[in-house]
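Here is the structure we will look at, set down as structure tokens.
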Amino acid sequence: MTKPVLILDLDGVLITTPIWRADEIDSDGYSKFNINCVDNLNQLLSQSDFEIWLSSTRRTVKTLIEFNKIFENRNIESPIKGFLPEYQECKTRKDEIIKFIKEFKISDFLIIDDDKSLNGLDEDHKKKLILTELQKGFNIEKLEIAIEKIKKRT
């Protein structure tokens with residue numbers, strides 16, 4: 001992979017619906033994304049030409065073509081390149097991401113996710129993590145942190 005990789009979750013990043021409430025559904029029949037979080041993602045994508053890989057558990061219920069249409073409908077300016085593979089032996093998001101990075105030999109990456117298991121990443125991987133909160137998602141504060149991280153890598 002020549003481009004930097006963005007390992008992207010949806011819930012708690014772009015979808016900020018509280019867990020006790022059903023997702024609000026958009027006109028295309030899929031969950032609404034938080035418009036501010038989408039704007040922030042687009043700002044980040046304008047800073048660096050990322051290859052997006054979806055890590056969300058939602059990746060198991062839609063095809064790549066369907067997700068790219070969903071992203072297009074929500075005006076996300078970059079398509080999804082692929083899904084993290086479903087590793088049967090991985091029990092946590094942290095394990096999935098580490099295995100993906102090793103298997104695909106990825107060195108230039110950024111992770112945006114709200115999964116608390118990622119707090120267990122080693123320091124080198126943790127430097128490339130933007131840990132969001134479920135109801136805040138990829139807010140302006142997290143965007144600023146992400147921009148600082150991508151500036152440091154160049």
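Please treat every number below as a calculation from the coordinates, not as lab data. Given the structure is predicted, the values throughout are model-derived calculations rather than measurements. Reconstructed Cβ throughout: ideal geometry from the backbone, glycine too, with neighbour counts over all protein chains shown.
Things to note:
- Rg ratio (alpha-carbon, reference 2.2 N^0.38 Å) - the chain: 0.97
- In Hz, Karplus ³J(HN,Hα) per residue of the range 26-41 (6.51, -1.76, 1.60; θ = phi - 60°; x = Gly, Pro): 7, 4, 8, x, 10, 3, 5, 9, 5, 4, 5, 5, 5, 4, 5, 4
- Net charge in the neighbourhood of K3 (other residues with Cβ under 9 Å of its Cβ; Lys, Arg +1, Asp, Glu -1) is -2.
- Residue-wise HN-Hα coupling along the range 113-130, computed from phi with Karplus coefficients 6.51, -1.76, 1.60 (Hz; x: Gly, Pro): 7, 10, 6, 5, 4, 6, 4, x, 5, 5, 4, 4, 6, 5, 5, 10, 9, 10
- Least to most buried among C37, C90 (fewest other Cβ within 10 Å first): C90, C37
- J(HN,Hα) series, the range 59-70, from Karplus relation 6.51 cos²θ - 1.76 cosθ + 1.60, nearest Hz, glycine and proline x: 5, 8, 10, 9, 7, 4, 4, 4, 5, 5, 5, 4
- Residue order, fewest to most beta carbons within 10 Å, for Y30, Y87: Y87, Y30
- In this structure the amide hydrogen of S31, modeled in the peptide plane, comes within under 5 Å of the amide hydrogens of D26, none closer than 5 places in sequence on its chain.
- Over the chain, DSSP H runs of length four or greater, each weighted -39,500 (n - 2.57), average out per residue to a 222 nm ellipticity of -10000 deg cm²/dmol.
- Proxy reagent accessibility, fewest Cβ within 10 Å first, across T63, T57, T2: T2, T63, T57
- A22-K151 pseudo-label distance in nm [points 7 Å out on the Cα-to-Cβ vector]: 4.5
- L110 long-range amide H proximity, modeled H, under 5 Å: V5, L6, I7
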